[in-house]
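Asks: Below is the structure I would like to discuss, written out as structure tokens.
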Amino acid sequence: MNLQSIQNKKAWEYRAYEFWHKRDGTPQEKAEKIKANPLAFLKKHQQYFTEIKDKKIANLCGSNGRKAVPLALLGADVTVFDISEENKKYALELAKCANTTIDYIVGDIYDIDLKKYGEAFDILYLEGGILHYFADINKFLYILYNLLKNGGRLILSDFHPLRKCLTANRVQFNYFDNELHNGDVAYKHFFSEEEHHNFPDVLIKSYTLSEIINSVITAGFTLQKFEEHHGWKGENIPWEFTIIAEKDRGGLKCRVLV
């Protein structure tokens, strides 16, 4: 595990389980809401998950299971890969309360066992702002490519790179800055200011939109669709994006980043 991953693991294992209770309620409370309408919890990506019964889906950086559990309830065989034991604890309790099951693998995404999981999945789902946790985006995308079956689909949704230039971001303002920076773990502001000094920083790196799209193409994917999304409160600015890409059915097997 590299320095960035070690630091981010430390940050995401500090009171994360407590945070999920603060934001989402108990696993039982969250599960009842999800069971009422699992597809609705996939929000703007619902259209991509209407027919997923028996599909094998990997939810990379799947956090507290808020997407994995709805996918499992819709009939998919879901595996979460995430760095935090605290996230895993909430996610597995959430799945149990929803009367479903998910697999949850804790570890560094860079260290995924491709002998075991190579070409194992029909769909990869990544959302919620995770690319900045990976300092080598090309290596990251090659791993994703290797996880997919030929003909499999990548659904990658993340924060729009312009977002940091349009808001008062504590980490950086320079669109083309490609250095590693310390930053606040995402849920720090849910706790009192008196507690903030106890929170470990995350270590993150931002990418331009071209770097992200080109890394998808360079890894071997065929780009099918690119969408930009409004702000969370309807602001008329680019806040998030979604990339839909496919691993060609006749594509190379087990591509390796040299």
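Asks: Does any residue of the range 187-210 turn out to be over 21 Å from residue 108 (Cβ atoms), touching a Pro at 6+ places or on another chain (Cβ under 8 Å) and of a type outside the set (Lys, Arg)?
Replies: Yes, the range 187-210 contains a residue that is over 21 Å from residue 108 (Cβ atoms), touching a Pro at 6+ places or on another chain (Cβ under 8 Å) and of a type outside the set (Lys, Arg).
Asks: Within the range 29-51, take every residue that is surrounded by fewer than 20 Cβ atoms within 10 Å (Cβ to Cβ) and of a type in the set (A, V, I, L, M) and give me the one that is farthest from residue 233 (Cα to Cα).
Replies: The extreme case among them is 36.
Asks: Pull up the range 10-47, narrow it to residues that are among the basic types (Lys, Arg) and under 17 Å from the mean Cα position of the chain (by Cα), then point me to the one that is nearest to residue 73 (Cα to Cα).
Replies: Looking at residues that are among the basic types (Lys, Arg) and under 17 Å from the mean Cα position of the chain (by Cα), I get 43.
Per-residue answers, yes or no, for (1) within 29 Å of residue 110 (Cα to Cα); (2) not in a helix (DSSP H, G or I):
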{"site": "20", "(1), (2)": "yes, no"}
{"site": "28", "(1), (2)": "no, no"}
{"site": "41", "(1), (2)": "yes, no"}
{"site": "45", "(1), (2)": "yes, no"}
{"site": "57", "(1), (2)": "yes, yes"}
{"site": "63", "(1), (2)": "yes, yes"}
{"site": "66", "(1), (2)": "yes, yes"}
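Asks: Moving to a separate point now. Which condition number does residue 117 fail, the rest of (1) within 30 Å of residue 210 (Cα to Cα); (2) under 16 Å from the mean Cα position of the chain (by Cα); (3) among the hydroxyl-bearing types (Ser, Thr, Tyr) being met?
Replies: (2)
Asks: Which pairs do you get when a residue that is within 15 Å of residue 39 (Cα to Cα), found in the range 58-72, comes within reach of a residue that is among the hydroxyl-bearing types (Ser, Thr, Tyr), reach meaning Cβ atoms under 7 angstrom, with the pair 6+ apart or on two chains?
Replies: Listed by first residue and then by second, the contacts come to 65/90; 67/125; 69/100; 72/100; 72/101.
Yes/no per residue for (1) crowded, with 19+ Cβ neighbours inside 10 Å; (2) touching a Phe, Trp or Tyr at 6+ places or on another chain (Cβ under 9 Å); (3) closer than 20 Å to residue 63 by Cα:
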residue: 98; (1), (2), (3): yes, no, yes
residue: 110; (1), (2), (3): no, yes, yes
residue: 120; (1), (2), (3): no, no, no
residue: 127; (1), (2), (3): yes, no, yes
residue: 148; (1), (2), (3): yes, yes, no
residue: 152; (1), (2), (3): yes, yes, no
residue: 155; (1), (2), (3): yes, yes, yes
residue: 165; (1), (2), (3): no, yes, no
residue: 189; (1), (2), (3): no, no, yes
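Asks: Of everything in the range 207-237, what is out of contact with any helix residue (DSSP H, G or I) (no Cβ under 6 Å at 6 or more places or on another chain), small (Gly, Ala, Ser) and surrounded by 12 or more Cβ atoms within 10 Å (Cβ to Cβ)? Give them in sequence order.
Replies: 231
Asks: What are the pairs, 6+ residues apart or on separate chains, where a residue within the range 16-28 that is under 13 Å from residue 87 (Cβ atoms) has its Cβ under 8 Å from a residue that is surrounded by 14 or more Cβ atoms within 10 Å (Cβ to Cβ) and among the aliphatic types (A, V, I, L, M)?
Replies: 27/94
Every read-out reported here was derived from the displayed coordinates using simple, explicitly stated rules and does not represent laboratory data. What you see is a predicted model; the values in this text were computed from it and never measured. Positions of Cβ are backbone-derived with ideal geometry, glycine not excepted, and every protein chain shown enters the neighbour counts.
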